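Let me begin by presenting the structure, written as structure tokens, before commenting on it.
The values are calculated or read from the model by the stated rules, or taken from the named source; none is laboratory data. In this text, all values refer to a predicted model and were calculated from it rather than measured experimentally. Neighbour counts are summed over all protein chains in view; Cβ atoms, including those assigned to glycine, are modelled from backbone coordinates with ideal geometry.
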Amino acid sequence: MDLVKKINDLADLLLESGKTMVLTGAGISTESGIPDFRGPDGLWSKVDPMYVFHAETFIYRPEVFYEAGMPLMGPLQAAQPNAAHRVIADLEEAGLVWGVVTQNVDGLHQKAGSKNVFEMHGHLRSATCLKCRHVIPWDRLAEMVAAGEIPPRHQDCGGVFKPDAVFFGDPLPPDFYDCCREVSESDLLVVVGSSLEVSPVNYLPQLCKRLAIVNMGPTMADYRAVLKVDAKAGEAFTELKRVLQERGVRLSGSAV
């Protein structure tokens, strides 16, 4: 089945659905120049993630993250949304998507204009003092580290600032339980750019009534999908926007 036919089928599913959620993984952001984490040249190939990005390591040796982990965050901070992010935001504005669940910490959905975003692994917009819970923006955290404050501490209480991302060993954010409810109440879940290997996010496809997947290569939930589109996210969603506009759907976001 060619791409155009499959995208027309995806458009049918969206138009038939009373409520649709989108679940995104690293595959949607690689097209914005962000390396994936687990690939041969991914971020995890440069460090031991279970040490550098582990909550226990951060508690006892926070300098490990700031010396070895934080320098890897540069591409995430500099990245801009691609066509897939922008079309998903357009679909939300048009009422065809209710919300986005993302495994990514790059904030590109918000940059693209998505409003209802559930961030399963947190984000890199801010950091919180582990002692008094004071919050500072990421730019301020970066300034402190660049000035040699490793680890950066709150000047009033002396507590260490930790990025508001979910480290290995951290508890799940409240967003997870909220999105479980939203997915279970939806007619359709569209997975984009995720192989669904990471737990517990890979539990979500078990909750939805109907599942569609847009991903290069197989996923752990292919057997449940009513539609599988084996294509890059940007290519698939650019075509989806064209198909929906041909059908009279008004998508007023940025051109792709």
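Which of the residues belonging to the stretch 95-110 are buried (at least 23 other Cβ atoms within 10 Å of the Cβ) and not in a helix (DSSP H, G or I)?
Residues satisfying the conditions are Val97, Val100, Val101, Thr102, Asn104, Asp106.
For the stretch 111-129, enumerate the residues that are buried (at least 17 other Cβ atoms within 10 Å of the Cβ), small (Gly, Ala, Ser) and assigned to a loop (DSSP other than H, G, I, E, B).
If the condition is that a residue be buried (at least 17 other Cβ atoms within 10 Å of the Cβ), small (Gly, Ala, Ser) and assigned to a loop (DSSP other than H, G, I, E, B), then Ser114 is the only one that fits.
Any chance you could count how many residues in the stretch 151-169 are in a loop (DSSP other than H, G, I, E, B) and either more than 18 Å from Pro71 (Cα to Cα) or of a type in the set (Asp, Glu) (or both)?
7
Every residue, every condition in (1) assigned by TED's automatic domain parsing to the domain that holds Asp90; (2) within 17 Å of Thr20 (Cβ to Cβ); (3) assigned to a helix (DSSP H, G or I), yes or no:
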residue	(1), (2), (3)
Lys131	no, no, no
Arg140	no, no, yes
Glu149	no, no, no
Ile213	yes, yes, no
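Quick check on the stretch 202-215: of everything there that is touching a Leu at 6+ places or on another chain (Cβ under 7 Å) and closer than 20 Å to Leu172 by Cα, which residue is surrounded by the fewest Cβ atoms within 10 Å (Cβ to Cβ)?
Among those that are touching a Leu at 6+ places or on another chain (Cβ under 7 Å) and closer than 20 Å to Leu172 by Cα, it is Asn202.
So that you can scan it fast, the table gives a plain yes or no per residue for (1) under 30 Å from Glu63 (Cα atoms); (2) touching a Gly at 6+ places or on another chain (Cβ under 8 Å); (3) in contact (Cβ under 8 Å) with a residue 60 or more places away in the chain; (4) outside the structural domain of Lys19 (by TED's automatic domain parsing):
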{"position": "Asp156", "(1), (2), (3), (4)": "yes, no, no, yes"}
{"position": "Arg181", "(1), (2), (3), (4)": "no, no, no, no"}
{"position": "Ser184", "(1), (2), (3), (4)": "no, no, no, no"}
{"position": "Cys208", "(1), (2), (3), (4)": "no, no, yes, no"}
{"position": "Tyr223", "(1), (2), (3), (4)": "no, no, no, no"}
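Can you name every residue in the stretch 52-94 that is surrounded by 14 or more Cβ atoms within 10 Å (Cβ to Cβ), outside any helix (DSSP H, G or I) and either under 17 Å from the mean Cα position of the chain (by Cα) or not assigned by TED's automatic domain parsing to the domain that holds Trp138 (or both)?
Within the stretch 52-94, Ala79, Pro81, Asn82, Ala94 meet the criteria.
Which condition number in (1) without any contact (Cβ under 8 Å) to a residue 12 or more places away in the chain; (2) of a type outside the set (Val, Ile, Thr); (3) in the same structural domain as Phe53 (by TED's automatic domain parsing) is the one that Gln110 fails?
Tallying (1) without any contact (Cβ under 8 Å) to a residue 12 or more places away in the chain; (2) of a type outside the set (Val, Ile, Thr); (3) in the same structural domain as Phe53 (by TED's automatic domain parsing), Gln110 fails exactly one: (3).
Would a scan of the stretch 47-66 turn up a residue that is over 30 Å from Arg153 (Cβ atoms), at pLDDT below 95 and among the acidic types (Asp, Glu)?
No: zero hits.
Step by step: first the residues of the stretch 197-211, then only those that are of a type in the set (D, E, K, R) and part of a loop (DSSP other than H, G, I, E, B), then the one that is modelled with the lowest pLDDT. Which residue is that?
Glu197
Would you check which residues across the stretch 226-248 are within 17 Å of Asp2 (Cα to Cα), touching a residue at least 24 places away in the same chain (Cβ under 8 Å) and either assigned to a loop (DSSP other than H, G, I, E, B) or touching a His at 6+ places or on another chain (Cβ under 6 Å) (or both) and list them?
Within the stretch 226-248, Val226, Ala231, Lys232 qualify.
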